[in-house]
Structures are given as structure tokens and as C-alpha cells.
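A short reminder: the numbers here are calculations on the coordinates, not readings from a lab. It should be emphasised that the depicted structure is a prediction, and the values quoted were computed from it without experimental measurement. Here the Cβ positions follow ideal geometry from the backbone for every residue, glycine too, while neighbour counts run over all protein chains shown.
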Amino acid sequence: MGAEVLKKIADYLVDAEIEKREVVKVTTAIKPDLTVEEAYQVQDLIVQRKLAEGHRVVGPKMGLTSKAKWDQMGVSEPIYGHVFDYMLIENGGVLPFTDLIHPKVEAELAFVIGEDIEGPGVTGAQVLAKTAYVLPALEIIDSRYENFNFTHADVIADNASTSRVVFGNSLKKPADFDLELVGAVLSVNGKVKELGAGAAVLGHPANAIAMLANMLARKGGKVEKGEIILSGAITSAILLHAGDFVSGKFDGLGEVTFTVGE
Ligand code: OOG
Ligand code: MG
């Protein structure tokens, strides 16, 4: 019985994604008492459905890891989601506006994992030692919920609003950087909209990957070699419109851009 409801929620959210329409949040429409544990079970069902449909997981991602995001979304606890291969857009590429519901963009630092990282008790320093490369990224989030309005459990069930990702082309060794100090400037149509530094993400973005490893360990999972993992937005997310040109400039890591198509 319980399992049926969770499958119904997973299909409700994936169908909304595929049909590009917003839906009332799960805790209002289907299950007011949805727990965080159940929400991650829904997310696992979404992963299973995507894999069955022939998609591949690029890696988990972290979200809600900065004060800017906590203040913007009204949910102040970090969460994780999953990025799939069909979500990748090349640097300089086009995001067709009509593919999504109400997309927003945010600037992030990403980690290419060089060795498996298994919790509990993982620290940011251990993450850095096991990171092959860091690279800049723009994440396009697209909550399936009306007005991006959700509770902690709702957003977890909705795969942490994950929708598209543009990775930068420059891969750098983490030892060559102080990721705390890496500045990020997010502009739309040549106007600076948001700016910040790596330290906005839990003091150091490697701490977000450590937290992810520790969260996955509770379910017997780990951060795996070869995954490319977003550490969470440094700043608030910006609502996108057809025709927008988006640029994220990251100190020492280059520029990531895309255009929003019609
Ligand atoms: C949830 C996803 C948050 C981030 O980087 O903080 C996220 C949302 O804000 O809709 O991806
Ligand atoms: Mg994000």
C-alpha cells in the first residue's frame, strides 16, 4: 500500500517533467505526511524509471547548500538529487525554452571524483584528496511544482528540481585552487545578476561533497569514482526567459555560457 503511493508520486512528478507542466506539490496534492525518507524513496523510483527508459546517471548533485538558496527557497537543509545524461547541454549551447516549465539558472562548482568516497565521517579535506578535477558549471533548475513552492520533502521527491546542466570546459586540479575564494559572477544579457565565492557553499564546496558521501552512507551508498558532482548553488537562482544569454564567469576556471532558445 505505502509502496504504491510512492510509485504514484514518482510517476506524478516524472509525468509533469515530460509533459512540461507544473503540478501542485505532493504534500498538498497526494501525501501531507510525506517523510524525508519516503521522499528519497520516491527519488530512487524516479532513478529506476529513468534507467529503465534508457537514461544514464551522470552523478548525484547537492542542493540547498548556501544561505542565498536557503533564503530564496525557504528550505534550509541541504538535499541531494540526480543528474542524468539527457540533461547535459554543451558549453555555449542552446536551452530550448519550450523544453522546460519555468527554468532558473544558478552558478556552481563541480567535482570530478577520482576515487570512491565512503562515509560516514567524511571531511572536506578527504574529498579534496580524492577529487581528480574541479570545473565550473551552470545548473538549470526547473521545479515541477507551481511557483517553485515546496517543503523539504517535496523538493527531495522532485529530484531536487534537477533539469539541465552546462559544464565548463576547463578542468583544474583542486590543489591548484583555493575553492573557498573562487569568485563566481552570473550575468544575463550582459548584466550582472548575482555574484559570490565558493565559501558560500557550506564554508567550502568540498564540504557539500563530504555531506553527500555521509548522507549516501546512511543507505549503504557512496560517492563514486568518475562521477561529476555539483556542490550546490553559490547564489540565488535567476528566472530565465526565451532569448536570454547567460554567462557564468569563475575566477581561474573560465566561463560557462548558454542561450535560451524560443
Ligand atoms: C532546489 C534545488 C537546489 C541548489 O543548487 O541549491 C539546487 C531548488 O532550489 O529548486 O539545485
Ligand atoms: Mg543546483
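Summary of the geometry: the range 121-135 and the range 178-233, compared by the centres of their Cα atoms, lie 11 Å apart. Could you compute how fast the chain diffuses translationally, taking Rh as the Kirkwood radius over C-alpha pairs and applying Stokes-Einstein at 10 °C with viscosity 1.306 mPa s? Give it in µm² per second. The Stokes-Einstein estimate is 87 µm²/s.
The relative contact order of the range 173-247, computed from alpha carbon pairs under 8 Å that lie at least 6 residues apart in sequence, is 34 percent.
The phi-based Karplus calculation (6.51 cos²θ - 1.76 cosθ + 1.60; θ = phi - 60°) puts the 3J(HN,Hα) values of the range 45-58 at 5, 5, 4, 4, 5, 4, 5, 5, 7, x, 8, 10, 8, 7 Hz, whole numbers, x for Gly and Pro. Maximal additional length on extending the K20-E180 stretch stands at 54.0 nm, based on 0.36 nm per residue less the C-alpha distance. Counting pairs of alpha carbon atoms under 8 Å apart in space and at least six apart in sequence, what relative contact order in percent does the range 1-149 give? Computed over the range 1-149, the figure is 25 percent. With contacts taken as Cα pairs under 8 Å and at least 6 residues apart, the range 110-262 reaches a relative contact order of 33 percent. In a DSSP loop and with at most 11 other Cβ atoms within 10 Å, the trypsin sites (Lys or Arg not before Pro) in the range 11-108 are R21, R56.
Put simply, when 165-174, 112-121, 135-144, 221-230 are sorted by average Cβ atoms within 10 angstrom per residue, most first, you get 135-144, 221-230, 165-174, 112-121.
Would you mind giving the average projected area, over all directions, of the Cα convex hull of the range 137-262 in nm² with one decimal?
Mean projected area for the range 137-262: 8.8 nm², to one decimal.
By the helix-only formula, in which each DSSP H run with n ≥ 4 contributes -39500 (n - 2.57) and the sum is divided by residues, the chain has a 222 nm mean residue ellipticity of -8000 deg cm²/dmol. Classification of the range 47-187 by its C-alpha gyration tensor yields a rounded form. The axis ratio a/c (a ≥ b ≥ c) stays under 1.5. The overall shape of the range 28-102 is oblate: from the C-alpha gyration tensor, with semi-axes ordered a ≥ b ≥ c, the ratio a/c is 1.5 or greater and a/b is no larger than b/c.
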